[in-house]
């Protein structure tokens, strides 16, 4: 039995002692991918080549991809059986994050459209 | 009770089967607990992100993000933080193989890059406040300073932590407890970089996108 006997600590590669060289390479690949994704993000935000309304979505996709790169290459989160606990905790965290952000944005957008007094009637609410 | 104490001394090779092997080594338990803390910290940041997303247009006639943010600074900040995340990973490898010099060297570069990030951010904040765009100007700016400032405070805490850890390495050497703390520090530092990815995308890039 050479399979995982314990869950692996997040951030631990499990290979660092046996093959430090390949570990350095692993981090370097992660850095290269992150740099590429960051560069594309900055390019997308500044170019006029792309369809304007799609830029925000593209940026979100790039950011999520880069977070994935960081999780895999820097934090060593994998799909392996020794990582199940870490992944489940992460999944729960992501669920809460999505609920908080999407819920807040959704509710407040609703309030803004439904409860906004007509413009000239009340200028206290100075959104937009 | 010495059971728990003794259990993590047993080398994992002797044992078989996940879950049936008895308590996990302390390194796994500590790092997992810290992982849970980091996720809760990210949940806290998500509330600040949500507040920012809701208030981003509430400029109260004041300056907007597109007028305030300079992408050059943000790009350099991003580069600093990304590079420091990388050197932090290399430092952790040096810690695992107990190389003193490489550990100090990696920590020094990580610290310098983190400090450069903070200096740039502080200069940006000071500039904004000097131009009348402080946190009291509008709800948008309050949310901005809360979100970005909270990240900056985390980076500050990380720098202090890193300095303390290097003192511990110098005094205690690579004791098991010191190695666990360094693993937690690396997790913390990488998590801050992940938050920064969301931050520069949502605040700086989406804020100035055409």
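Which condition from (1) crowded, with 20+ Cβ neighbours inside 10 Å; (2) under 15 Å from the mean Cα position of the chain (by Cα); (3) free of Cβ contacts under 8 Å to residues at least 60 places away in the same chain is the one that residue B:79 breaks?
The single condition residue B:79 does not satisfy is (1).
Which residues, taken from the range B:67-85, are part of a helix (DSSP H, G or I), away from every other protein chain (no Cβ under 11 Å) and either touching a strand residue (DSSP E or B) at 6+ places or on another chain (Cβ under 9 Å) or modelled with pLDDT under 95 (or both)?
Correct list: B:67, B:68, B:73.
Working carefully through the options B:3, B:95, find the one that is modelled with pLDDT under 95, surrounded by 17 or more Cβ atoms within 10 Å (Cβ to Cβ) and more than 7 Å from chain A (Cβ to nearest Cβ). Give the derivation first.
Values: B:3 fails: surrounded by 17 or more Cβ atoms within 10 Å (Cβ to Cβ).
After applying the criteria, what remains is B:95.
Is there a residue being surrounded by fewer than 20 Cβ atoms within 10 Å (Cβ to Cβ), farther than 28 Å from residue B:98 by Cβ and at the interface with chain B (Cβ under 9 Å from one of its Cβ atoms) anywhere in the range A:4-17?
no
Within the range B:169-179, is there a residue that is surrounded by fewer than 21 Cβ atoms within 10 Å (Cβ to Cβ), within 14 Å of chain A (Cβ to nearest Cβ) and part of a helix (DSSP H, G or I)?
Scanning the range B:169-179 turns up at least one residue that is surrounded by fewer than 21 Cβ atoms within 10 Å (Cβ to Cβ), within 14 Å of chain A (Cβ to nearest Cβ) and part of a helix (DSSP H, G or I).
The values are calculated or read from the model by the stated rules, or taken from the named source; none is laboratory data. Note that this is a predicted model, so its numbers are computed, not measured. No Cβ is skipped: glycine too gets one built from the backbone with ideal geometry, and neighbour counts run over all protein chains shown.
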